[in-house]
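Heads up: the structure comes next, in structure tokens.
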Amino acid sequence: MPSRRRALLKVIILGDSGVGKTSLMNQYVNKKFSNQYKATIGADFLTKEVQFEDRLFTLQIWDTAGQERFQSLGVAFYRGADCCVLVYDVNVMKSFDNLNNWREEFLIQASPTDPENFPFVVIGNKTDVEGGNSRVEKNHRAKGIHLMRGGILWTYHDIYYAVAVKLSLILTNIVLPALPQVSEKKARAWCASKGNIPYFETSAKEGTNVEEAFQVIAKNALTTGEEEEIYLPDTIDVGSSAQQRSTGCEC
């Protein structure tokens with residue numbers, strides 16, 4: 001029986017705790033999202049089989065703990081990575097500012113042969129989160145202004161929506177003062193300064209741009225040229241695309 005060649009590509013996801021790294025991985029691999037937050041201990045990984053140009057590839061996606069005590073996970077963990085994904089929360093400026101630290105940590109620990117051209121991808125997550133500093137609120141504000149300045153022929157739905165938006169903005173300004181928000185322009189400027197890193201804004205909860213981001217991640221991982229070949233007989237059932245392992249301990 002002929003065998004299929006499947007290249008193993010290692011992808012590492014880095015970023016502060018709570019930015020949604022685990023949720024992004026689960027949304028991409030399992031199409032699932034959980035509202036219950038559970039901190040990653042050490043590191044976990046999931047795998048997903050993808051295909052490009054009649055070739056099979058297995059993405060081994062490593063999700064890491066964002067806590068400071070786990071930032072140095074060891075050289076063995078970082079080595080062999082084909083792509084590094086840097087994730088931040090679009091509503092938390094500190095998580096964006098820390099991207100520099102995560103990028104430097106990776107380059108030091110992984111020691112890629114060509115650090116200047118090693119493939120990174122940046123993801124600004126949680127665009128769905130409601131709040132004075134969220135992308136959702138910003139879109140509501142823009143739409144509300146449009147409705148208030150719009151034509152004369154409003155429907156009851158238009159009026160209801162405009163009033164709801166106005167009330168929401170008033171309550172938001174009073175109860176929830178806006179936290180520093182990372183603008184898309186600022187994020188793209190940072191990516192450009194680091195060698196035009198691909199940038200995506202995502203919602204792991206709603207699945208927005210998650211598939212598109214990981215397609216670019218997979219393609220960029222192929223550019224490293226260091227693929228581990230796995231030979232699989234055609235008789236093996238590989239229907240299950242997701243496998244999970246864990247390392248680390250709660251100590």
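The values are calculated or read from the model by the stated rules, or taken from the named source; none is laboratory data. The model shown is predicted, which means the values in this text are computed figures rather than measured ones. Please note: Cβ atoms are built from the backbone with ideal geometry, for glycine as well, and neighbour counts cover all protein chains shown.
Only a single criterion out of (1) modelled with pLDDT under 85; (2) of a type outside the set (A, V, I, L, M); (3) touching a Pro at 6+ places or on another chain (Cβ under 9 Å); (4) surrounded by 13 or more Cβ atoms within 10 Å (Cβ to Cβ) is not satisfied by Ser3, namely (4). Residues of region 108-130 that are farther than 20 Å from Thr202 by Cβ and either surrounded by 16 or more Cβ atoms within 10 Å (Cβ to Cβ) or outside the structural domain of Val11 (by TED's automatic domain parsing) (or both): Gln109, Ala110, Pro112, Phe118. Restricting attention to region 189-214, report how many residues are in contact (Cβ under 8 Å) with a residue 40 or more places away in the chain and in a helix (DSSP H, G or I). Summing the residues that are in contact (Cβ under 8 Å) with a residue 40 or more places away in the chain and in a helix (DSSP H, G or I) in region 189-214 gives 6.
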